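A short write-up of the structure that comes next.
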Amino acid sequence: MKVRTNLLIGGTLFALVVAAGVLAPWLAHTDPIMDANLMNAELPPDHEFWFGTDGQGRDIYSRVLHGARISLTVGIVSQLINSVIGVCLGLSAGYWGGWWDDVVNGLTNLMLAVPSLVFALAIMAILSPGLTSLLIALGLTNWSYTCRLSRASTLSLKSLGYVQAAKMLGYGDVRIMATQILPNILGPIIVIGTLGMGGAVLAEASLSFLGLGIRPPSPSWGSMLSDARDQITTAPWISIFPGLAIFTTVLGLNLLGDGLRDILDPQSRARRA
Amino acid sequence: MADAAAGPLLRVEDLAVHFPLGGGLLGGRKRIIHAVDGVDLELRKGECLGLVGESGCGKSSLALSIVGLQAPTRGRILLDGKDVNGPGLGRLDRARFVQMVFQDPYSSLNPRQTVQRTLEAPLRLHGMTDRAEREARIAEILRHVGLRPEQAQRYPHEFSGGQRQRVGIARALILKPRIIVLDEPVSALDVSIRAQIINLLLELKDTLDLSYIMISHDLGVVEHMSDRVAVMYLGRIVETGGWHRIFTAPRHPYTRALIAAIPDPFGATRGAKITGDLPNPLEPPSGCHFHPRCPEMRDVCRQPVVPPLDEIDPGHRVRCVRTGELAVERTVP
Amino acid sequence: MTGDALLTVDRLRIDLAFGGTRYPAVKDVSFTIGAGETLGLVGESGCGKSITALALIGLLRRPLGIGGGRILFKGREIQNLPEAEMRKLRGNRISMIFQEPMTALNPLSPIGRQIAEMFVLHQGATWHEAERRAVDALASVRVPAPDRRVKDYPHQLSGGMRQRVMIAIALACDPDLLLADEPTTALDVTVQAEILELIRERSAAQGTAVLMISHDLGLIANMCARVGVMYAGRLVEQRAAEEVFRSPSHPYTSGLVASLPLLGARARDGQHRLKEIPGVVPAVTAFPAGCRFNPRCQARTEICVEVDPEETPLPHGGLVRCHHHG
């Protein structure tokens with residue numbers, strides 16, 4: 001069945017990337033930053049250097065593995081920040097309505113009007129480049145969709161009997177939002193989260209490619225691509241492998257997200273029946 | 001049955017609920033829906049008050065105000081003599097006094113919580129710290145509504161519609177309130193199981209010493225369950241009295257029309273039917289709201305004066321200036 | 001029996017495909033409707049009354065499908081009619097009105113146009129002529145100021161008005177048979193009375209036969225000459241309307257009648273405990289073996305659990321499907 005295929009392939013790919021990142025210190029052959037031997041520069045893939053070497057003579061295989069750690073950290077943490085901000089703003093805006101809803105809507109519209117990457121760029125330009133700054137920049141700029149989704153879901157749940165019943169039993173607003181509404185809107189939020197992680201990985205790659213993300217010599221896939229710009233024709237393997245890594249991660253996350261959505265969305269579940 | 005000696009358990013005084021619609025900003029006249037337009041009501045201990053009326057009559061807004069889910073624009077609600085907005089009655093106190101059973105059993109329970117959790121959480125919230133005590137209360141209430149205590153571990157989707165409604169009733173009872181507002185308690189249920197729930201509700205009223213306000217559009221159910229009935233039209237109560245009076249000798253033309261509109265399975269018609277649609281709540285007719293559709297309308301009915309709710313017999317009030325002139329028709333010979 | 005009847009349904013079976021199995025959602029349903037007659041189908045959720053009507057007008061879609069039996073309309077078998085032929089019948093000779101007029105009417109088209117469409121499609125009228133006739137159609141369903149309202153959109157009308165428009169559309173081409181599926185369930189009580197009166201009047205004036213579907217036994221008994229009671233996909237009783245209430249034959253019907261709080265009953269008999277039917281309505285995927293009502297039946301015996309009863313005639317007219325009657 002289509003759903004299971006998505007979940008299976010996506011899950012496997014994602015699991016592979018996670019494994020690569022977690023086990024990098026053991027799976028890698030060399031130190032990704034220090035082991036640079038100019039004598040070995042730009043060697044094509046062979047039995048010693050599985051993915052070849054880059055312009056500085058570093059083992060690309062090891063660098064790609066370590067790069068996984070960076071990409072996954074960025075993906076997971078920044079999306080977590082996004083989701084928390086989005087859910088908090090969206091849920092409360094949908095539940096309380098009134099002026100707070102107007103404020104949140106205005107803010108969301110603002111965020112949606114500016115391409116998030118540009119926004120992140122601006123923040124990175126202010127903060128000094130590095131992992132923490134990147135997490136902050138990406139975490140603060142990609143919550144709009146989650147916010148909209150949370151708000152819409154909350155609006156449709158707000159008038160249901162069990163939410164009214166909770167109010168009547170004496171529950172306070174925050175408790176109702178946390179115990180009655182939040183658990184029932186999590187499905188789509190998780191799906192958006194998985195897809196968002198893929199987006200964050202891509203964003204990191206883009207920013208690092210532009211020199212505004214992770215700085216070399218850190219083995220971020222994006223900065224690896226950036227470094228390999230001049231050698232695309234002469235030593236294509238330097239670009240191909242980091243590129244493949246990005247592709248695999250984002251594809252895996254997208255398929256996983258699709259698969260999760262089909263499982264968690266009761267309507268598509270009914271159609272399959 | 002009804003305990004007439006003590007003061008009323010619930011008293012509603014001149015309650016109004018107005019919903020402003022947009023339009024006031026650009027100089028246009030601000031449009032307001034007068035969902036509830038000055039309602040006085042009393043509920044005595046042990047009685048079941050049936051609230052009937054069609055769409056737009058305000059019975060839902062009235063019920064929501066009583067329960068605390070809708071802030072009234074005007075008027076007072078007194079529970080056992082205490083004003084709900086006054087210092088003596090907090091949110092939690094009110095929750096222990098009046099509760100509600102919702103219409104739709106499929107959306108009135110949190111799908112992600114077991115019945116146990118749905119019933120236990122309010123007990124915790126209201127300070128029942130002893131776990132054994134909570135378990136005992138839950139088991140007791142479940143037995144009252146005809147469910148077994150083991151069933152509490154299940155999720156709502158594992159129950160049928162009728163069982164879910166029983167859970168909804170259990171939730172309303174868990175804090176041992178004095179008044180329960182029943183919002184169309186059986187309308188969403190299969191016809192063959194309505195009797196189970198109706199019987200259950202009547203039984204609980206006696207064993208647990210409850211008082212009900214029941215909203216229903218099904219006049220058969222209202223007649224069967226109510227001690228007194230209040231008929232609403234476009235935000236006002238137009239007639240109120242004992243069930244027998246209302247159903248056998250109604251005095252207000254609208255009440256008569258409502259009863260006449262019920263299809264008689266034995267083929268006979270029950271009386272004159274009225275025509276026309278329910279009026280636009282934004283532009284209610286002046287004076288008596290019902291006059292454009294009333295078969296007994298005269299010029300006096302059009303006067304821009306709200307007809308008062310007069311007591312024509314003990315306990316029987318009618319809001320019609322022509323009541324004295326209209327013949328008393330009996331719907332049941 | 002089949003000779004004169006306008007509509008003959010002969011051992012109709014409708015299957016529901018679910019999870020690889022075909023469930024007989026409606027099994028062995030047979031009834032007839034004569035020209036100008038009104039028949040009511042009454043039952044609860046899952047009894048199959050609505051899908052029976054959809055089968056008659058060829059609107060069943062996957063996962064539902066006709067699994068057997070015949071439908072004869074004016075002597076012609078229509079259960080396997082190709083879609084093109086069915087479309088000539090639909091709206092023209094057989095019409096249907098639904099419970100929720102807001103979803104049955106096109107929100108983007110003025111109501112006059114939606115009525116006029118019927119004349120253009122089925123009677124080859126010109127648009128100009130059709131729009132004129134649409135005004136007359138609106139007048140016939142007692143919509144006030146029809147020449148002005150013809151230009152209104154559905155959302156500008158109240159629920160009762162929309163239902164009148166639906167009736168006008170359905171009766172525009174003077175069909176032989178009108179299927180009415182819960183036409184008043186979504187309406188207020190006083191509006192309901194008017195709409196039922198309208199259906200009664202128009203169908204009498206035009207000689208249209210009516211199949212009325214509802215879960216409200218009182219409504220059906222009032223509106224129809226004959227009543228068919230359905231339970232879990234079977235037709236368990238067919239009687240004249242008054243008989244159904246006065247002397248119901250099938251245990252389900254008598255259980256239902258005893259459990260309903262009828263207007264006037266308390267004044268006569270006092271507030272008694274309503275007689276309950278134990279158990280719940282079974283799901284389509286879990287219909288009991290033997291008689292489908294047997295788990296809830298007080299009169300159940302061994303044969304009821306094993307053998308699905310056939311329809312047997314009753315001494316004073318009507319049919320019942322039960323081992324313990326007729």
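The values are calculated or read from the model by the stated rules, or taken from the named source; none is laboratory data. As the structure is a prediction and not an experimental result, all values here were calculated from the model. All Cβ positions, glycine included, derive from the backbone under ideal geometry; neighbour counts span all protein chains shown. These accessible areas exclude ligands, DNA and RNA; they are computed on the full protein's heavy atoms, side chains included. Shrake-Rupley method; radii C 1.70, N 1.55, O 1.52, S 1.80 Å.
Looking at chain C, how many pairs of lysines come closer than 26 Å at the Cα, when each pair is eight or more places apart or spans two chains?
Step by step, the pairs that qualify in chain C add up to 6.
What total accessible area, in Å², is buried where chains B and C meet, using a 1.4 Å probe and rounding to the nearest 100?
Details: alone 16410 and 15510 Å², together 28340 Å².
Roughly 3600 Å².
When only DSSP loop residues count, what trypsin sites (Lys or Arg not before Pro) in region C:47-88 have their Cβ near at most 11 other Cβ atoms within 10 Å? Please list the in-between numbers first.
Values: sites: C:Lys49, C:Arg61, C:Arg70, C:Lys74, C:Arg76, C:Arg87, C:Lys88; in loops: C:Arg61, C:Lys74.
Answer in residue order: C:Arg61.
Return the sequence-ordered ³J(HN,Hα) values of region B:80-91 in whole Hz as given by the Karplus equation 6.51 cos²θ - 1.76 cosθ + 1.60 applied to θ = phi - 60°, using x for Gly and Pro.
6, x, 9, 5, 5, 8, x, x, x, 10, x, 4
Let me know the shape class of chain A, please: from the alpha-carbon gyration tensor, a ≥ b ≥ c as square roots of the eigenvalues, rounded when a/c is under 1.5, otherwise prolate if a/b is greater than b/c, or oblate.
prolate
Just to check I understand the Karplus step: with θ = phi - 60° and J = 6.51 cos²θ - 1.76 cosθ + 1.60, what whole-Hz values come out for region A:164-179, glycine and proline as x?
Calculated HN-Hα couplings, in order: 4, 4, 4, 4, 6, 6, x, 5, x, 4, 5, 4, 4, 4, 6, 9 Hz.
Name the long-range amide H neighbours of B:Met214: under 5 Å, sequence gap of 5 or more, or other chain; modelled H, no Pro or chain starts.
Here B:Leu49, B:Gly50, B:Leu51, B:Leu182 satisfy the definition.
If I ignore ligands, DNA and RNA and count only protein heavy atoms, how much of A:Phe119 is accessible to a 1.4 Å probe, in Å² to the nearest 10?
Here the accessible area works out near 60 Å².
Per residue in region B:102-126, which ones lose no less than 40 Å² of accessible surface when going from chain alone to all protein chains (1.4 Å probe)?
For region B:102-126, once contacts with the other chains are taken into account, B:Phe102, B:Ser107, B:Asn110, B:Arg112, B:Leu125 lose 40 Å² or more.
Counting only protein heavy atoms and a 1.4 Å probe, tell me what percentage of region B:10-331's accessible area is made up of carbon and sulfur.
Values: 6390 of 13040 Å².
Ligands and nucleic acids excluded, carbon and sulfur give 49 percent.
Go through region C:211-243 and flag every residue whose accessible area shrinks by 40 Å² or more with all protein chains in place compared to the isolated chain (probe 1.4 Å).
C:His215, C:Asn222
Using the heavy atoms of the protein chains alone and a 1.4 angstrom probe, what is the accessible area of the protein assembly as shown per residue in square angstrom?
43
Find the lysine pairs in region B:10-331 meeting two conditions, Cα atoms under 25 Å apart and a separation of 8 or more places or different chains, and report how many there are.
The result is 12.
Taking both sides together, what accessible area is buried at the A/B interface, probe 1.4 Å, expressed in Å² and rounded to the nearest 100?
On the way: alone 13650 and 16410 Å², together 28410 Å².
Approximately 1600 Å² gets buried when A meets B.
Can you give the angle from 0 to 90° between the axis of helix A:144-158 and the longest principal axis of chain A, with both taken from C-alpha atoms, to the nearest 10?
Orientation of helix A:144-158: about 20 degrees from the principal axis.
Using the crude model of +1 on Lys and Arg Cβ and -1 on Asp and Glu Cβ, and no other charge, please compute the dipole size for region B:10-331 relative to its Cα centre, in debye to 20.
Computed about the Cα centre, the dipole is about 640 debye.
Roughly how many percent of the accessible protein surface of region A:109-201 is carbon and sulfur, given a 1.4 Å probe and a whole-percent answer?
Working: 2640 of 3770 Å².
That share works out to 70 percent.
Cut-off under 19 Å on the C-alpha distance; same-chain residues fewer than 8 positions from A:Lys158 excluded. Which lysines are left, in chain and number order?
A:Lys167
In a shell of Cβ-Cβ distance under 13 Å around A:Leu225, excluding A:Leu225 itself, what net charge do Lys and Arg (+1) and Asp and Glu (-1) give?
-2
Roughly how much of C:Trp127 is accessible, in Å² to the nearest 10, using a 1.4 Å probe?
100
Can you bin region B:130-182 into rounded, prolate or oblate? Criterion: square roots of the alpha carbon gyration tensor eigenvalues sorted a ≥ b ≥ c, rounded for a/c under 1.5, prolate for a/b above b/c, oblate for the rest.
oblate
Once amide H atoms are built 1.01 Å from N in the peptide plane, which residues 5 or more positions from B:Val238, or in another chain, come under 5 Å H to H?
Hits under the 5 Å cutoff: B:Val231, B:Met232, B:Tyr233.
Would you work out which of B:Pro263, B:Val181, B:Leu282 lies farthest towards the positive end of the dipole of chain B? Charges go on Cβ: Lys and Arg +1, Asp and Glu -1.
Selected residue: B:Leu282.
Provide Rg over Rh for region C:249-326; use the alpha carbon set for both Rg and the Kirkwood Rh (inverse mean inverse pair distance).
1.04
Quick one: dipole size for the protein assembly as shown, taken about the Cα centre, charges +1 on Lys/Arg Cβ and -1 on Asp/Glu Cβ, in debye to the nearest 20.
820
What does the average come to when, for each residue of peptide A:153-161, you count the partner chain Cβ atoms lying within 10 Å of its Cβ?
Working: counts 0, 0, 0, 0, 2, 0, 1, 8, 14.
Averaged over the peptide's residues, the number is 3.
Which of the three applies to region C:118-180, rounded, prolate or oblate, going by the alpha-carbon gyration tensor with a ≥ b ≥ c and a/c under 1.5 meaning rounded?
The shape class here is oblate.
Roughly what angle does helix C:159-171 make with the longest principal axis of chain C, taking Cα atoms, 0 to 90 degrees, to the nearest 10?
Helix C:159-171 sits roughly 80 degrees off the main axis of chain C.
Ignoring ligands, DNA and RNA, what percent of the accessible area of chain C is carbon or sulfur (1.4 Å)?
That fraction is 53 percent.
Can you tell me the 0 to 90 degree angle between the C-alpha axis of helix A:131-141 and the longest principal axis of chain A, rounded to 10?
Helix A:131-141 and the main axis of chain A meet at about 40 degrees.
Mind ordering C:267-274, A:166-173 by average Cβ neighbours within 10 Å, highest first?
My ranking of the peptides, most packed first, is A:166-173, C:267-274.
When Cβ neighbours within 10 Å are restricted to other protein chains, what is their mean count per residue of peptide C:185-195?
6
Can you list the residues of region B:204-248 that have at least 50 square angstrom less accessible area with all protein chains present than in their chain by itself, probe 1.4 Å?
Listed in order, they are B:Glu223, B:His224, B:Trp243.
In sequence order, what are the phi-derived ³J(HN,Hα) couplings for region B:233-241 according to the Karplus relation 6.51 cos²θ - 1.76 cosθ + 1.60 with θ = phi - 60°, rounded to whole Hz, with x for glycine and proline?
Whole-Hz 3J(HN,Hα) from phi for region B:233-241: 9, 6, x, 10, 7, 9, 7, 8, x.
Under 13 Å from the Cβ of B:Ser108, count the other residues' Cβ atoms, weight Lys and Arg +1, Asp and Glu -1, and hand me the total.
Value of the local net charge: +1.
Report, as an integer, the average count of C-beta atoms from other chains found within 10 Å of each Cβ along B:90-96.
3
Which one, C:Val280, C:Val305, C:Val141, has the greatest fluctuation when you compute a Gaussian network model over chain C with C-alpha springs under 10 angstrom?
C:Val280
With an 8 Å Cα cut-off and a minimum separation of 6 or more residues, compute the relative contact order for chain B in percent.
Relative contact order comes out at 19 percent.
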